[in-house]
Structure formats: structure tokens, C-alpha cells
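Just so it is clear, none of the values below were taken in a lab; they were calculated from the coordinates. Computed from a predicted structure; not experimentally measured. Neighbour counts run over all protein chains shown; Cβ positions are idealised from the backbone, glycine included.
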Amino acid sequence: MLGLKLPTDPRWVNIVETNISEILTDHAYCEQKAATNAINIVIQFPEYPDMVDALLELAREELQHFQQVHKKIVERGYTLGKERRDEYVFELNNFIRKGFTKNIVLVDKLLFSALVEARSCERFKVLSDNINDPDLKQFYRDLMVSEANHYTLFLGFAKKYADGVDVDQRWKEYLDYEAEIISKYGKRETIHG
């Protein structure tokens, strides 16, 4: 369904389970960054009212997820740590075309967002299928569904506002690029690391 070319090795969960505090802190900030990304798209492209409404709702949902993750952190006696740089997202962001027409940049930002949501969804599935903690198993299963909806939302708007951009071709390019960079990750207790 997601079209990702390189699946996450389920053994990544073994790394995650060695430092639950770290994965939860990283996850919390992923949710915050997803909300910020949606708001940034709204600010840059306010001329699409249906997209503005949908992305504001998505941002609200991402902040609710941030709150849910923070609650898990507190329940477990941990403290939300400092924000970490997400190298995967940083590298993926480099694939967004700069200096092109506004609709090309919009499509790229939407495809970038869809891909981050797709990878997060895939990682949440791996967690929900393999983690030994029953509470987190259910938590990540529930969030997986939400991420899948976000992925399709971004893809849908990319296609709706393509205005001459071959979205299917550009999506294939994104998937190829993502497969190259994700191969370096999956070795740390972070959502994308």
C-alpha cells in the first residue's frame, strides 16, 4: 500500500526496546515537526482553502499525538528530552526542488510530507507487530492508522493541485531517493534513525 521500496528490518525493534525513553522523546518531536510542517505549507500556500482546512486539522491531530506521546513519557517516569535533529527528514527535505514554479514546489512539499508519513506509518506497524510492551503495541497500532490517513491526504492534494506536474513520476523518484537514504538508517532508537 505505501509503496516503500526498502522495508524496515524488524530487528530494529530490538534496538528500540533498549531505550524506550529515547524512542518516545524522538517520537514526540516527530509529531511536533509534522504539525509544524503542515502549518508551514498552509502559510506558503494559503490560496487553497480545502487544503488549508485539511492541513490545519492534521496539525491539530499531530499536536494531539504529541500530547499522547508526552503522556506515555510521564506515565513511565521519564522526562521529555531535548529535541533531536532528524537526519532522515533533513536528507529527504533536500529532494524538494527549490527555485521552480510555485506548483512544482507545492507538489514536492506534499510528496515529501506523504513520504515521511508513509515511513512513520511503516515504522509504527513494525513496532506494533514486534514490540514486547503490550501498551506500546496497541499505542503504535492506533497511530499507524492515523499516519496512513495523513499519507493519503498529502498524496491526494499533490494530485489535485499538480497543475501539469506528473505526480506519479515524481512520486516514483521520491520513492527511489528515499530507498537510498533509508538504507543508512534503522540502527538507532529513533522513529526514522
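So here's what we get for this one:
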{"item": "Listed residue (ILE43, SER113, LEU92) projecting farthest to the positive dipole end of the stretch 12-182, Cβ model", "result": "ILE43"}
{"item": "Net charge dipole size for the stretch 1-105 [Lys, Arg +1 and Asp, Glu -1 on Cβ; Debye, nearest 20]", "result": "260 debye"}
{"item": "Charge dipole (the stretch 12-182, unit charges on Cβ, about Cα centre) - positive-most of VAL74, LEU136, PHE154", "result": "VAL74"}
{"item": "Net charge, ARG119 excluded, C-beta distance under 10 Å - Lys, Arg +1, Asp, Glu -1", "result": "-3"}
{"item": "Charge sum, other residues only, whose C-beta stays under 12 Å from LYS172's C-beta, Lys/Arg counted +1 and Asp/Glu -1", "result": "-3"}
{"item": "Centre separation in Å (Cα based) which lies between the stretch 135-171 and the stretch 38-93", "result": "14 Å"}
{"item": "Size of electric dipole in the stretch 12-182: Cβ of Lys, Arg +1 and of Asp, Glu -1, about Cα centre, debye, nearest 20", "result": "240 debye"}
{"item": "Rh by Kirkwood over Cα pairs, then Stokes-Einstein D for the chain at 0.890 mPa s and 25 °C, µm²/s", "result": "144 µm²/s"}
{"item": "Sorted by Cβ neighbour density within 10 Å, fewest at the top, the residues LEU127, LEU63", "result": "LEU63, LEU127"}
{"item": "Footprinting exposure proxy for ARG170, ARG76 (fewest neighbouring C-beta atoms within 10 Å first)", "result": "ARG76, ARG170"}
{"item": "Peptides ranked, highest mean first, by Cβ atoms within 10 Å: ranges 31-42, 4-15", "result": "31-42, 4-15"}
{"item": "Using a Förster distance of 30 Å, the FRET efficiency for ASP176-LEU80 (Cβ separation, nearest 0.05)", "result": "0.25"}
{"item": "Contact order normalised by residue count of the chain, Cα under 8 Å, 6+ apart, percent", "result": "34 percent"}
{"item": "√(5λ) per eigenvalue of the Cα gyration tensor, the stretch 19-100, largest first, Å", "result": "28, 17, 7"}
{"item": "For the stretch 80-178, convex hull of alpha carbons as volume per residue, Å³", "result": "116 Å³"}
{"item": "Lysines whose Cα lies under 29 Å from that of LYS82, excluding same-chain neighbours fewer than 8 positions away", "result": "LYS33, LYS71, LYS72, LYS109, LYS125, LYS137, LYS184, LYS187"}
